[in-house]
Amino acid sequence: MPSAVRSLPLAPALRLSRPSDTWFKPALSVVVASAVPQLTLLALGRLDLVMYTMAGSLCALYAHGLPYARRARAVAGVVLGMTASLAVSLVTASLTGSTAVLIAVGALLAAAQKVLCDATRIGPPGHVIFTFVSSAALFAPQRPDQIPGHLALTLGAGAFAWLVTVAPALVRREGPERRAVARALEAAAACAADPGPRPRP
């Protein structure tokens with residue numbers, strides 16, 4: 001007598017999905033975007049400022065799936081958002097040493113970053129990088145007169161990260177669109193080859 005309980009199809013759920021064909025580009029972009037600012041600081045003997053340049057360099061993680069015109073706008077917005085988040089953190093750190101206040105500001109910043117990243121659909125990695133950087137900056141010793149210089153370092157490194165993310169347009173201007181069309185054709189072919197179970201009459 002056949003069992004009335006059907007086994008669950010676990011194999012499809014446990015099967016690893018195919019990695020994106022651009023999975024390496026965000027990591028490679030950050031390596032390139034951070035090399036110049038960090039080596040410059042090393043040559044100047046000012047590696048104590050690396051947190052501020054790294055905040056700008058991490059902006060190179062974003063928008064690699066977008067066409068280049070939209071990518072340029074998106075990464076510019078990321079750089080400005082990162083600088084604004086860092087500014088709030090640095091100003092707060094310079095005005096108070098209260099752990100409770102710092103944690104409260106960090107929580108409010110994280111919530112705002114999450115809402116804005118979800119609203120603009122920026123990512124991956126979404127709000128995680130913003131929250132990581134701004135939370136670390138909250139607990140960095142800071143004087144008010146240092147803040148403009150530190151923010152200038154972030155903007156400078158962010159501008160270089162912007163150049164790194166849009167530079168491939170000089171080689172293959174239609175690259176993102178071609179990859180999107182190729183993925184769509186592959187998905188359509190997969191659906192045509194395996195349309196799934198048909199509904200019972």
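Annotations
One line per residue, one yes/no per condition, for (1) hydrophobic (A, V, I, L, M, F, W, C); (2) at pLDDT below 90; (3) open to solvent by 30 Å² or more (accessible area, probe 1.4 Å); (4) over 17 Å from ALA169 (Cβ atoms):
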| position | (1), (2), (3), (4) |
| --- | --- |
| LEU14 | yes, yes, yes, yes |
| ARG18 | no, yes, yes, yes |
| LYS25 | no, yes, yes, no |
| GLY65 | no, yes, yes, no |
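- Residues (outside any helix (DSSP H, G or I) and open to solvent by 30 Å² or more (accessible area, probe 1.4 Å)) located in the stretch 124-140: PRO124, PRO125, HIS127, PHE139
- Taken over the stretch 114-153, the residue count meeting the criterion of being under 20 Å from the mean Cα position of the chain (by Cα) and among the polar types (S, T, N, Q) is 4.
- SER98 falls short on exactly one of the conditions (1) surrounded by 13 or more Cβ atoms within 10 Å (Cβ to Cβ); (2) of a type in the set (Gly, Ala, Ser); (3) over 30 Å from LEU170 (Cα atoms), and that condition is (1).
- Tally of residues being crowded, with 18+ Cβ neighbours inside 10 Å and not β-branched (Val, Ile, Thr) across the stretch 85-95: 5
The values are calculated or read from the model by the stated rules, or taken from the named source; none is laboratory data. Note that this is a predicted model, so its numbers are computed, not measured. Note that each Cβ is placed from the backbone with ideal geometry, even for glycine, and that neighbours are counted across all protein chains shown. We work out accessible area using only protein heavy atoms, side chains counted, and drop any ligands, DNA or RNA first. Shrake-Rupley method; radii C 1.70, N 1.55, O 1.52, S 1.80 Å.
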